[in-house]
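Participant: Got a structure here, written out as C-alpha cells. Questions coming.
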Amino acid sequence: MNEDVCLEQLFPKMVEWRRYLHQHPEVSFHEEKTSAYVEARLKEMGYEVKTGMGGHGVMAVLRGGLPGKTVVLRADMDALPIQDEKTCEYKSTVSGAMHACGHDGHTSILLAAASYFKAMEEKVRGEIRFMFQPAEEVCPGGALGMIEAGALDGADVVYGLHLWTPFPIGTAASAAGPVMAAADEFFIDITGRGGHGGMPHVTADAVVAGSALVMQMQSIVSRSVDPLQPAVVTVGTIQGGSAQNVVADRCRITGTVRTFDEETRKLIGARIERIARNTAEAYGTEMSMEYLTGYPAVVNDEAEAERFFRTAPEVFGKEHVLLAPKIMPAEDFAYYLQKIPGCFMFVGAGNEAKNAVYPHHHPKFDFDEDAMLHGLKLMVHMVEAYQNEPEQS
C-alpha cells in the first residue's frame, strides 16, 4: 500500500484524539490527564512508555528492525489559561482553559506518527523516540526537564513542528539559522514619595517617573541596537496610583524583550537596567528590577533545514514550501537545538473557509484539521529522509 495512503487512513483517529484533547485542556505543569491519555494511546499501540519525565512528560521508543541512527520527534501538550469563546462541538469543557495554540494538534500528529511507525516496525531504520513534552507555554518550560530526564541521550537529530494559522493550509515553512526569537521579561518597581495631588512639589511622583521611563525605553531599539538585528522591547503593563487626587508613591512596569542575537539580547537587558536606574534617580525616586532570561532563540541546523527544503516538496509541492521569516514568538524547542542538530518547521493551518482565521492565543483560535495530515506526512518523510541518507565516509 502507498505510504501516503496509510497515513491518510490515520486522519480520522487524529481528529478524534485532537478533539478529545481540545475538550479537556490542561495548562502548563498540570497535564496529568493529558499525559495519562497519551500514555494509554501509546500502550494500545504496543509501546512501553516512560512517564513523569520533566514533570508530566511522556516518551515511547521504537527500535526498528534495521540499523540506523536515533531520531527524536517532539510534540508539546499544554494548553493556555484562556476562556474558549468558539462555538463548535469540540469546544473546551474546562472553564478558563483552552488549546489556543495548536498543541492538541501537535500531540495528535505525534500519536499518529507513533502508530504508523509501529505498524512497520521491522522495516524501520534505527531508533525513533516519540517525545510528548509538557509546559511549553510558561518559563522555565518543559524542554529542560525532558533533557535532564535523558530524552536526548545518544540521539542524533530532533524534529518538531508547529501548526501555524498565519500560513495558509497546504503550505509549509522553515529556515536555516534563527527562526523564532529569544524571550526575556522585565519587572520594574519604582518607589517615590506620595502625597496630596494639590501639593506635588513635596512629593516624588512614581507615576511620572514610570511614564518617563516607558518613553525612554522606546529609544533602545531605535538608538542602541544594530538596525540589522531584529529586536522588540514591549511594555505590557504600567500600574500605579490609587486615587485621582493622590500622588502615587509606587509604580510597576512590566514587559518583554525579543531578540535573535545573544549580543543584542545582553545589550538590551543592560540598557533597560541603566535607563531605569537613571530615570528613577532623575525624578527623585528609587528603582528595583527583576530581569528574567527566558527561552533562547530557535536556531535550526543548516543541514537539517536543507533536508526540510528537499523533503517538504514531496508533501506540499515545491511552490507551497516557503522560506520562513523570523518571528518574534518564542519556543523552548530551542533548548533541544542547542544540544543536537535538528529542524523546527511550520505547517500552514489557516483557512478562512473554516473560520481558522484567529491568531494564536486568541479566545476563538482554531485551525484547519486537514493541517494535521500535512504535518504527519512531513514528520514521517523527514524521518525517512534522515534514516535513508547514505553514511558519509
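Participant: Need one number: % antiparallel among DSSP beta bridges in the chain, to the nearest 5.
Facilitator: Restricted to the chain, the bridges split so that about 65 percent are antiparallel.
Participant: Let me ask something else. Helix check for the chain. Which DSSP H runs span at least 27 Å along their own axis by Cα, with a mean Kyte-Doolittle hydropathy no less than -0.5?
Facilitator: none
Participant: Moving on. Counting heavy atoms of the protein chains only and a 1.4 Å probe, report the per residue accessible area for the chain as a whole number of Å².
Facilitator: So the chain comes to 44 Å² accessible per residue, rounded to a whole number.
Participant: Which of the lysines could a cross-linker span from Lys354 if the Cα-Cα distance has to be under 28 Å and same-chain partners fewer than 8 positions apart are dropped?
Facilitator: Lys13, Lys86, Lys91, Lys318, Lys326, Lys364, Lys377
Participant: Note down the nm distance, to one decimal, between modelled labels 7 Å out along Cα→Cβ at Asp226 and at Lys33.
Facilitator: Distance between label points: 5.0 nm.
Participant: Assuming R0 = 25 Å, what is the FRET efficiency of Arg252 and Thr293, from their Cβ-Cβ distance, to the nearest 0.05?
Facilitator: Rounded to the nearest 0.05, the efficiency is 0.80.
Participant: Tell me, what are the semi-axes, in whole angstrom and largest first, of the equivalent ellipsoid of the chain as set by the roots of 5 times the Cα gyration tensor eigenvalues?
Facilitator: Three semi-axes, in Å: 44, 23, 19.
Participant: Could you give the size of the charge dipole of segment 212-284 about its Cα centre, using +1 on the Cβ of each K and R and -1 on the Cβ of each D and E, expressed in debye and rounded to the nearest 20?
Facilitator: 120
Participant: Considering amide H positions built from the backbone, and no H for Pro or chain starts, which residues 5 or more places from Asn300, or on another chain, come under 5 Å of its amide H?
Facilitator: Excluding prolines and chain starts, which carry no amide H, the hits are Gly177, Val179.
Participant: Would you mind telling me the share, in percent, of accessible area of the chain contributed by carbon and sulfur at probe 1.4 angstrom?
Facilitator: 51
Participant: To continue, here is another question. Taking a probe of 1.4 angstrom, what is the accessible area of Arg41 in Å², to the nearest 10?
Facilitator: Near enough 40 Å² of accessible area.
Participant: Further, regarding this structure: Based on DSSP H runs of at least 4 residues, each adding -39500 (n - 2.57), what is the mean residue ellipticity at 222 nm of the chain after dividing by all its residues, to the nearest 500 deg cm²/dmol?
Facilitator: -10500 deg cm²/dmol
Participant: Still on this model: Using r as the Cβ-Cβ distance of Glu148 and Lys318, and R0 as 51 Å, what FRET efficiency do you calculate, to the nearest 0.05?
Facilitator: That gives a FRET efficiency of 0.80.
Participant: Using the Cβ atoms and a cut-off under 12 Å, what net charge is assigned to the surroundings of Met120, where Lys and Arg are +1 and Asp and Glu are -1?
Facilitator: In short, -1.
Participant: So, in Å, what gap is there between the alpha-carbon centers of segment 263-286 and segment 226-250?
Facilitator: 13
Participant: A further question follows. Could you tell me the convex hull volume per residue, in Å³, taken over the Cα atoms of segment 1-108?
Facilitator: Looking at segment 1-108, the number lands at 126 Å³ per residue.
Participant: Now a separate question. Just to verify a number: what accessible area does Cys139 come out at with the full protein assembly present, 1.4 Å probe, Å² rounded to tens?
Facilitator: Ignoring ligands and nucleic acids, Cys139 comes out at about 70 Å².
Participant: Next question, about the same structure. Between Pro296, Met14, Thr70, whose Cα lies farthest towards the positive end of the dipole of the chain when Lys and Arg beta carbons carry +1 and Asp and Glu beta carbons carry -1, centred on the Cα centre?
Facilitator: Looking along the dipole axis, the top candidate is Pro296.
The values are calculated or read from the model by the stated rules, or taken from the named source; none is laboratory data. Keep in mind that what you see is a predicted model, and the values were worked out from it rather than measured. Please note: Cβ atoms are built from the backbone with ideal geometry, for glycine as well, and neighbour counts cover all protein chains shown. Ligands, DNA and RNA are excluded from the accessible area calculation, which covers all protein heavy atoms including side chains. Shrake-Rupley method; radii C 1.70, N 1.55, O 1.52, S 1.80 Å.
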